[in-house]
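I have placed the structure first, in the form of structure tokens, so that the comments after it can refer back to it.
The values are calculated or read from the model by the stated rules, or taken from the named source; none is laboratory data. Since the structure is predicted, the reported quantities are computational estimates derived from the model, not experimental observations. FYI the Cβ positions are ideal-geometry reconstructions off the backbone, even for glycines, and counts take in every protein chain you see. Quick note on the areas: whole protein, heavy atoms, side chains included, nothing else; ligands and nucleic acids left out. Shrake-Rupley method; radii C 1.70, N 1.55, O 1.52, S 1.80 Å.
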Amino acid sequence: LCSFLGLLYQEYRDKSTREEIETRRLQDSQTDPEETSPSEETPSEEPTSTIENKAPPQINLLRNSNSRFNLWQDLPEVQSSGVLSILQPDEIKLQEAMFELVTSEASYYKSLNLLVSHFMENERLKKILHQSEAHILFSNVLDVMAVSERFLLDLEQRVEENIVISDVCDIVYQHTVNHFSVYITYVSNQTYQERAYKQLLQDKPAFREVISQLELDPKCKGLSFSSFLILPFQRITRLKLLVQNILKKVEEKSDRESTALDAHKELETVVKACNEGVRKMSRTEQMISIQKKLEFKIKSVPIISHSRWLLKQGELQQMNGPKTSRTLRTKKLFREIYLFLFNDLLVICRQIPGDKYQVFDSAPRGLLRVEELEDQGQSLANVFILRLLENADDREASYMLKASSQSEMKRWMISLAPNRRTKFVSFTSRLVDCPQIQCVHPYVAQQPDELSLELADVLNILDKTDDGWIFGERLHDQERGWFPSSIGEEILNPKIRAQNLKECFRVHKSDDSQRRKLGSRNRQ
């Protein structure tokens with residue numbers, strides 16, 4: 001299949017998400033979203049039984065690499081079979097969703113193959129790299145490629161059984177359960193991999209030269225070596241979204257819905273394990289680094305714990321004296337303090353010489369409350385009250401804190417008290433309508449309270465600031481975080497918003513009861 005496949009996965013994925021964005025834009029601009037699907041002939045009867053007895057023609061996927069994406073319905077074998085005049089429009093859409101999962105896996109396998117044959121097995125590169133360096137750089141990519149090949153063969157076999165694809169989610173389920181743990185191993189190595197790659201570029205000019213030459217080869221189509229290294233993580237996440245897309249199109253309460261829900265649940269488990277694997281190493285290193293910088297003026301609190309990680313850190317201005325002293329000059333009114341907020345603990349410090357922090361108060365995160373001050377003039381703009389219900393001295397304490405901007409104030413307030421009501425209600429409350437945004441420029445999180453976004457991600461807007469930041473909840477995985485409003489376009493059509501929510505509830509209905517049990521525990 002890969003011999004006639006023209007697109008590398010990076011190109012395929014980019015085109016696919018761009019098409020998704022354009023489709024949503026088109027739907028959003030129309031008054032009746034029901035009319036937005038491409039017109040297909042409406043059949044007078046349903047049934048696939050008439051075609052099942054025919055000998056299925058062999059289907060060559062993505063035969064013409066120069067054309068736009070081949071749709072299932074554009075395949076000559078499908079067009080000549082007459083099946084398009086028999087199937088219902090909804091079934092055709094489902095066929096397209098299943099077909100995309102197969103063709104994208106073929107494209108992904110082609111890119112993996114190139115990573116191995118063109119980079120990993122290059123003789124000059126092998127001589128430059130020590131065995132341990134090569135192991136960190138390429139990890140278990142051979143295992144990942146073998147798993148993709150086996151998966152693709154099973155998918156192709158299913159497509160070749162019949163022109164009308166019966167299902168693919170049963171295959172996804174089996175492979176996820178039995179083989180996809182190789183992704184967790186690969187992705188968990190990502191932090192080491194990135195660090196090793198940067199170090200090699202810096203320390204070995206010969207490595208830098210060979211990589212540059214290999215990247216210039218026409219086979220790579222102008223794509224960087226690092227874009228090949230990150231493929232497995234991108235693929236496992238994308239695969240989950242492709243199964244979600246199928247799930248939205250299968251008949252409710254059908255066997256295919258049940259299979260899609262099972263496949264989605266298993267993929268979600270793998271994706272979560274991948275995310276945790278990536279975070280674990282960087283979190284541990286970060287906690288050790290913070291511990292070294294802290295000096296306790298109060299009773300020492302052990303900082304390093306396997307279940308603790310940093311959510312936010314930064315400087316705020318603390319108001320001095322009683323509230324009556326507000327008439328004093330602003331510079332006398334405030335002094336700097338520094339906060340380290342972990343998922344279960346707040347540590348309040350003052351910065352001291354030598355890049356150290358002296359801790360003078362702390363509190364469990366669950367015992368924090370925040371309150372915004374009403375607008376009281378410029379000197380008290382972006383000021384909020386932080387209450388520690390039980391501080392280091394087992395007493396209640398209050399701090400009046402000033403942030404550098406409105407967005408910084410809101411970000412601190414939401415991080416300190418995640419259960420506090422936001423401007424707009426989260427979709428998990430089953431709100432009928434909520435502002436939504438779709439991502440049109442990818443974004444990489446710069447801070448722990450930010451959310452990295454991929455093209456075509458759709459999010460509910462939970463809060464926004466006047467200085468260009470949005471606090472959102474991504475629909476496909478309920479992850480929350482801040483991002484710049486400039487990377488997205490708001491979805492204005494209420495029918496499209498409602499449809500997005502409806503599809504989301506359907507995708508996650510199998511873990512609804514689990515979400516209710518977890519409550520707010522996973523919000524950060």
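Summarising the label geometry, the points placed 7 Å from Cα in the beta-carbon direction at Ile352 and Asp467 lie 3.0 nm from one another.
Highest average first, the peptides 106-113, 498-505, 350-357 ordered by how many other beta carbon atoms sit within 10 Å of their residues are 106-113, 498-505, 350-357. Farthest towards the positive end of the charge dipole of segment 167-319, among the residues Ser305, Leu216, Val182, is the Cα of Ser305, using unit charges on the Cβ of Lys, Arg, Asp and Glu. Highest mean packing first, where packing is the average number of other Cβ atoms within 10 Å per residue, the peptides 204-212, 407-415 line up as 407-415, 204-212. Which of Lys126/Lys219; Lys127/Lys198; Lys204/Lys280; Lys402/Lys464; Lys198/Lys464; Lys464/Lys502 have a Cα-Cα distance over 27 Å? From Lys126/Lys219; Lys127/Lys198; Lys204/Lys280; Lys402/Lys464; Lys198/Lys464; Lys464/Lys502, over 27 Å: Lys204/Lys280; Lys198/Lys464. Among the protein heavy atoms of segment 87-158, carbon and sulfur supply 50% of the accessible surface, probe 1.4 Å, non-protein parts ignored.
Binning all Cα-Cα separations of segment 72-289 at 10 Å, short to long from zero, yields these whole-percent fractions: 8, 29, 29, 21, 10, 3, 0.
Shown is the FRET efficiency for Ala498 and Val301, computed with R0 = 45 Å from the Cβ-Cβ distance and rounded to the nearest 0.05: 0.45. Taking each of Lys265/Lys312; Lys15/Lys240; Lys253/Lys495; Lys93/Lys495 in turn, the alpha-carbon distance tops 26 angstrom for Lys265/Lys312. Protection proxy ranking of 118-130, 93-105, 167-179, by the mean of other Cβ atoms within 10 Å over each peptide's residues and highest first, is 93-105, 167-179, 118-130. Within the shell defined by Cβ-Cβ distances under 13 Å, the residues around Asp393 carry a net charge of -1, with Lys and Arg each +1 and Asp and Glu each -1. Using R0 = 22 Å, the C-beta based FRET efficiency linking Ser181 and Lys280 works out to 0.85. Rounded to a whole number, what is D in µm²/s for segment 148-212 from Stokes-Einstein with the Kirkwood radius over alpha-carbon pairs (10 °C, 1.306 mPa s)? The diffusion coefficient I find is 106 µm²/s. If R0 is 51 Å, what FRET efficiency do you get for Asp394 and Glu194 from their C-beta distance, rounded to 0.05? The value I calculate is 0.70.
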